1. Treat each spin label as a single point 7 Å out from the Cα along the C-beta direction, and report the residue 411 to residue 58 distance in nm.
2. Counting only C-alpha contacts under 8 Å and six or more residues apart, can you give the relative contact order of the chain as a whole percent?
3. Given a Förster distance of 41 Å, report the FRET efficiency between residue 364 and residue 185 from their Cβ-Cβ distance, rounded to the nearest 0.05.
4. Can you compute the FRET efficiency between residue 145 and residue 421 using 1/(1 + (r/R0)^6), with r the Cβ-Cβ distance and R0 = 56 Å? Round to the nearest 0.05.
5. Based on DSSP, what percent of beta bridges with both residues in the chain are antiparallel, to the nearest 5?
6. Roughly what % of Cα-Cα distances in segment 22-235 sit above 25 Å, to the whole percent?
7. Taking Cα pairs under 8 Å and at least six residues apart, what relative contact order does segment 22-235 come out at, in percent?
8. Which of (i) 4, 21, 31, 28, 14, 2, 0; (ii) 5, 22, 31, 24, 14, 4, 0; (iii) 5, 24, 34, 26, 10, 2, 0 is the computed P(r) over Cα pairs in 10 Å bins from 0, in percent for the structure on display?
């Protein structure tokens, strides 16, 4: 099994080109199920989660072809064609690997009139039921049953537009209902919709395909259903969580990194938190220059839906707060089990106390290299960031978590000065 060996103490300097957003690319790939014409996506990152969804779609009969970039200025492309009659069952063996697989549910139901999808898997960061997906699709006229670990939906004719109020903000449920409503008869209104940039990117692509959706960037989305959608070409937005992670890497190592091809508005909460801690943030065209300041101060953070502070950045800032001056407090309001990286950070010397959903960090911790275990995607990045500033060598196991969400991590970090390599179990250094 692959592991990461990181030797801490190097200052990171240089530039990092931000990859396409995993959390935008996944629903966009599922949107291809809404039409029999090709959807061409560029700037799709090469990640384990992308491969998992590709495997699922191909199992369902979807044809996917990749065109490699021809020069340094171009991007590789995925051409996705679902054809006239894609398979409408998404099996357990593939869906269990990734929660985002549930996003095939709405498009299949809307276009084919039926869908059967295994209950999803993914990171073990807490209870993430799909009841909001089910309730929303039922409002559109779907008949849904749960049996033997599968959720099955059918509809007589077309789905029908309705008023869907989301009791809780849910990115996945908003995406599923949004895609389904695009082919529903009549108008659908989604209130308390998620406002993440990845939702906006999906809306932009759907509108290119012929959908009629307004309200982008707001809590109210209005979808006037159409009878059919066409193919389109679309470029995936940059990954704001990857960008935020490298921004923390610059600050925690006392360095300076230019984050290329990312807009500040996509990650303003993370940038504001870095500014509050004493970092320097300078937007420059399509880039952001992030540098460590003369003093790294403490922070008080609470995770919230966009535009608030992202739960996907919580572990990274916990690593940063561990070495900051003074007491920091981080509250997790999105997922109940997202402090599983705390024991691993403690193994590295971090002083962290957890009381329910609140973590208190004493700060000024001297971190030391250790053998640690990643528990989920973002926790693994938090451990990698701590390892960059720790004294000695850190070995991180379960690297497959990182492979789900960070494209070419070792290559990008080495290019800006980090000492990081991927090793096999038998390559563990001897004492």
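Read the figures in this text as sums done on the coordinates, not as results from a lab. In this text, all values refer to a predicted model and were calculated from it rather than measured experimentally. Cβ coordinates were reconstructed from backbone atoms using ideal geometry, including for glycine residues, and neighbour counts include every protein chain displayed.
1. 2.0
2. Relative CO of the chain lands at 21 percent.
3. Details: r = 61 Å, r/R0 = 1.50.
Efficiency for this residue pair is about 0.10.
4. According to the calculation, E is roughly 0.70.
5. 70
6. 31
7. Worked out over segment 22-235, it gives 21 percent.
8. For P(r) over Cα pairs in 10 Å bins from 0, in percent, the calculated option is (ii).
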